[in-house]
Structures are given as C-alpha cells and as structure tokens.
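Read the structure below first, then the notes.
What follows draws every value from the coordinates through simple rules; no lab data is involved. Please read these numbers as outputs of a predicted model, since none were measured by experiment. Cβ: placed from backbone, ideal geometry, glycine included. Neighbour counts: every protein chain shown.
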Amino acid sequence: MNRKVTVILNYEKCLPCNELICIDICPGGVFKMGIDGKPQVQDIFSCTECGACERMCPENAIKVIKNDDLENDFKFLGVES
Ligand code: SF4
Ligand code: SF4
C-alpha cells in the first residue's frame, strides 16, 4: 500500500462521464477502466498526489486524501493506530 495517499472513488456519483476524465488526466496512470465502464484504482503507488482527478471530476466523485491527514483525523477521534 502507498502509505502517503488514499484515493476514494464514489461509484454512486460516478456516471461515468463520457471522457473518463480521471483516467485521461492522471499523470501517474493510477486508474484503469473496470468492466462496468467506471474507473478503478490499479496503481496507487504511482499517485503523485497532484489532485487533478479530484478537481476535474464533474461529479465530485473522487477524493484524494493524504494519509497524514487521515492519521491526524484518527488521532483527533482518539483512535490508536
Ligand atoms: S471523472 Fe468522475 S465521473 Fe468521470 S469517470 Fe472519473 S470518477 Fe467518474
Ligand atoms: S491525485 Fe493526481 S496522480 Fe493521484 S490519482 Fe489523482 S490525478 Fe492521478
């Protein structure tokens, strides 16, 4: 697992869009098209954390979360990791 970043796809929001913008725009080739025509994360290790997918998705279906932030959230909630 890439310890630096988590990419979350919300399949209820993803149409998918005609252009499959996230697959097209990602500089790391992180996504591939699944059999349902929606994107899947295939290579999280190549994510540069650029945030382009999150910014460009017309359905706001992608979240890029730095795991440092996630750990801070858990600490805030008092959960030991
Ligand atoms: S850019 Fe958004 S709506 Fe388009 S395929 Fe990717 S996740 Fe789905
Ligand atoms: S943050 Fe950038 S490198 Fe990572 S999945 Fe999104 S577009 Fe690709």
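All of (1) over 20 Å from ASP68 (Cα atoms); (2) more than 8 Å from ligand 1 (Cβ to nearest atom) hold for LYS13 with one exception: (2). Residues that are among the acidic types (Asp, Glu) and without any contact (Cβ under 8 Å) to a residue 24 or more places away in the chain within region 21-55 comprise ASP24, ASP36, ASP43, GLU54, listed in sequence order. The single condition among (1) within 11 Å of ligand 1 (Cβ to nearest atom); (2) out of contact with any Pro (no Cβ under 7 Å at 6 or more places or on another chain) that GLY37 does not meet is (2).
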